[in-house]
Amino acid sequence: MRQLLLFCALALTSVSASADIFAIFREPDGSTKWQYVANTSAGILIITLVIVLVFLIRAHRRAMRWNSALTDIKANLEQRVAQRTAVLQQTTEQLQEREAYIGSIVNSMPVMLIGLNQQLQITQWNKKAEEITGRPLQDVIGKNLWEAYSAITLTVEQVKAVLASGETTNLNHTQRGQYTFDITLYPLDNQNTGIVILISDVTKLVSAENKLAERDKVSAMGELASAMAYDISLPINTIFARVSSARQEIENAELGNVKEFLLQEVETVRLSAQQATAIAHNLLDLASSHRDSKQSADVPPIMDRAIELASDLFTDVNGLTFKYINIRRNYASDLPQIPCFPTELEQVFVRLMRNAFYALNAKTWDEHSKPWINIEIGKFYDSLWIKLEHNGKSLTDEEQLDIFQPFFSLTDRNSSFPVEHRLSYSYFIITNHHRGEMAVTSDDEHGTCFNIQLALS
């Protein structure tokens with residue numbers, strides 16, 4: 001086609017160079033040979049059409065080849081796209097399955113899991129976290145941890161310290177007798193992604209471990225108390241035998257004025273031996289006091305038995321005798337039974353009366369003031385309240401802080417309260433074994449008052 005156009009252009013440009021290119025179409029007389037012109041024009045037209053047809057055929061064949069190539073390329077691309085789509089779909093499904101599997105693991109964990117980014121914003125929040133806090137993931141995602149969960153015991157400084165150090169940190173948070181939590185903080189492998197916090201409620205585990213340790217301690221203490229009671233009873237029996245023999249010898253002897261004095265001294269020794277016997281029996285009761293299960297019991301009879309036991313135990317030869325102290329009992333009517341360890345409660349009451357006895361004995365009395373102990377037992381809502389107060393020597397503020405502390409204090413401060421007069425084991429029995437509360441108030445004007453609160457169920 002380009003050649004034909006070039007030919008036409010050359011023919012046109014050659015008009016000026018040729019004298020008369022149309023001379024062959026004229027007769028000698030100058031007239032036009034129209035038949036010749038028509039034949040020539042038809043020939044040129046046919047030749048032109050043939051040339052155009054050839055070019056069209058060539059273009060068509062070329063277009064067919066190009067279309068075939070494009071069809072192959074398109075089919076190849078479609079195949080590759082289909083393969084790539086299938087791979088991507090399979091990869092997406094695998095990622096979704098893995099994400100669902102990991103999410104299932106995270107949500108099935110029995111611990112609270114919290115994920116934080118570098119800005120301490122929440123990125124992960126499992127089902128346990130939702131149960132404990134009452135807030136779903138949608139409400140807390142992207143929020144600051146302390147804004148979403150203000151009750152958490154961690155501080156910003158602790159979390160930032162773990163992020164800075166890159167080391168796993170374990171913390172423990174305990175409220176005695178209520179709950180125990182183990183808190184683990186660990187940064188992710190890529191520290192720029194953040195930190196994970198695991199909060200485990202190990203209250204039951206710690207309680208079980210404490211009970212096991214307590215059982216071992218009680219068993220050892222019971223064995224020791226039994227052995228001590230047995231060892232004490234041997235010299236006490238000897239004292240009783242010698243006292244009885246000495247009393248008979250003194251009564252049969254002629255000792256004049258000294259006889260009455262000696263008889264009085266022998267009686268004092270006999271009373272002391274009797275008191276030691278009561279102490280030995282109390283040790284045996286203490287050794288067998290703890291049981292694995294509670295039983296329902298009335299508290300007033302337990303208190304009455306404790307008063308009787310205290311009357312046998314507490315006697316000061318040069319001072320007061322417990323049984324002569326004025327005991328005021330004020331028990332409310334129709335008091336319900338409570339689940340308890342009766343022997344342990346009895347020991348608690350005896351220890352409180354012992355404390356009151358020595359406080360009363362440390363005070364000077366006259367005819368205008370007499371020692372007394374006031375005991376009240378009543379019901380208030382869902383609790384049983386026991387109040388034991390006396391008008392003996394009051395406790396200082398420091399003594400009130402130390403009276404419930406164990407023998408081995410957790411502080412470096414020197415205790416102002418003697419160990420033999422502390423009530424740490426009584427406090428342990430009330431708060432730990434019976435899940436109750438125990439407190440003391442004391443001043444010179446109102447005396448000393450011990451308050452015990454026990455649940456009705």
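Per the Cauchy relation, a quarter of the hull surface: what is the mean projected area of the convex hull of the alpha carbons in the stretch 50-189, in nm²? Numbers along the way, then the final one.
Numbers: hull surface 60.0 nm².
Quarter of the Cα hull surface area: 15.0 nm².
With a/c under 1.5 counting as rounded, go ahead and sort the stretch 322-415 into rounded, prolate or oblate using the C-alpha gyration tensor (a ≥ b ≥ c being the square roots of the eigenvalues; past the cut-off, prolate if a/b is larger than b/c, else oblate). Let's see the in-between values first.
Values: a/c = 2.14, a/b = 1.12, b/c = 1.91.
Cα axes put the stretch 322-415 in the oblate bin.
Pop out the ³J(HN,Hα) list for the stretch 395-406 in order, Karplus 6.51 cos²θ - 1.76 cosθ + 1.60 with θ = phi - 60°, rounded to Hz; leave Gly and Pro as x.
With coefficients 6.51, -1.76 and 1.60, one gets 9, 6, 4, 5, 5, 5, 6, 8, 5, 9, 7, x Hz.
How would the stretch 127-171 be classified by its alpha-carbon gyration tensor: rounded, prolate or oblate, with rounded meaning a/c under 1.5 and the a/b versus b/c comparison settling the rest?
Here the stretch 127-171 falls in the prolate category.
If I take R0 = 25 Å and measure r between the Cβ atoms of Thr193 and Glu131 in this structure, what FRET efficiency does the formula 1/(1 + (r/R0)^6) give, to the nearest 0.05? Please report the intermediate quantities before stating the final value.
On the way: r = 26 Å, r/R0 = 1.04.
Rounded to the nearest 0.05, the efficiency is 0.45.
Between Ser296 and Gln118, what length comes free when the chain is fully extended (0.36 nm per residue of separation minus the Cα-Cα distance, one decimal in nm)? Before the final figure, lay out the partial values.
On the way: separation 178, 0.36 × 178 = 64.08 nm, distance 5.57 nm.
Computed gain between Ser296 and Gln118 is 58.5 nm.
Within the stretch 104-119, find all residues whose amide N lies under 19 Å from a label point positioned 7 Å from the Cα of Thr169 along Cα-to-beta-carbon.
112-119
For the stretch 107-182, rounded, prolate or oblate, judged on the Cα gyration tensor with a ≥ b ≥ c (square roots of eigenvalues), a/c < 1.5 rounded, else prolate if a/b > b/c? It would help to have the intermediate numbers written out before the result.
Details: a/c = 1.60, a/b = 1.01, b/c = 1.59.
It comes out oblate by the Cα gyration axes.
Modelling each spin label as a point 7 Å along the Cα-to-Cβ direction, I'd like the Ser245/Asn432 distance in nm, to one decimal.
4.6 nm
Please list, in order along the stretch 147-158, the HN-Hα scalar couplings obtained from phi with the Karplus expression 6.51 cos²θ - 1.76 cosθ + 1.60 (θ = phi - 60°), rounded to whole Hz, x for Gly and Pro.
Karplus values, whole Hz, x for Gly and Pro: 6, 7, 9, 5, 7, 5, 8, 6, 10, 4, 4, 5.
Could you sort the peptides 195-204, 366-375 by per-residue average Cβ neighbour count (10 Å cutoff), highest mean leading?
Order by mean packing, descending: 195-204, 366-375.
If we sort 109-119, 93-103 on the protection proxy, mean other Cβ atoms within 10 Å, highest first, what's the order? Mind dumping the intermediate values first?
Numbers: 109-119: 16.5, 93-103: 10.3.
Highest-to-lowest ranking by the protection proxy: 109-119, 93-103.
Using each residue's phi in the stretch 46-56, evaluate 6.51 cos²θ - 1.76 cosθ + 1.60 at θ = phi - 60° and report the 3J(HN,Hα) Karplus result to the nearest Hz, with x for Gly and Pro.
Calculated HN-Hα couplings, in order: 5, 4, 4, 5, 4, 4, 4, 4, 4, 5, 5 Hz.
Given labels modelled 7 Å from the Cα in the Cβ direction, how far is it in nm from Thr203 to Trp372?
4.3 nm
Could you give the nm distance between label points at Leu401 and Ala69, where each point is 7 Å from its Cα heading toward the beta carbon?
So the label points at Leu401 and Ala69 sit 9.7 nm apart.
In cubic angstrom, how much convex hull volume per residue do the alpha carbon atoms of the stretch 342-394 span? Display every interim value, and only then the final one.
Numbers: hull volume 4.8 nm³, N = 53.
In the stretch 342-394, the Cα hull volume divided by residue count equals 91 Å³.
Enter the Cα centre distance for the pair the stretch 337-397 and the stretch 121-145, rounded to the nearest angstrom.
50 Å
If amide H atoms are built 1.01 Å from N in the plane of the peptide, which residues on other chains or at least 5 residues away come under 5 Å of the amide H of Trp125?
Under 5 Å from the amide H of Trp125: Gly115.
Please identify which residues in the stretch 306-350 have an amide N closer than 12 Å to a label point set 7 Å out from the Cα of Ala362, following the Cα→Cβ vector.
Flagged as within label range: none.
We did not get these values from a lab; they are worked out from the coordinates using the rules stated. Everything quoted here is computed from the prediction, not taken from an experiment. Reconstructed Cβ throughout: ideal geometry from the backbone, glycine too, with neighbour counts over all protein chains shown.
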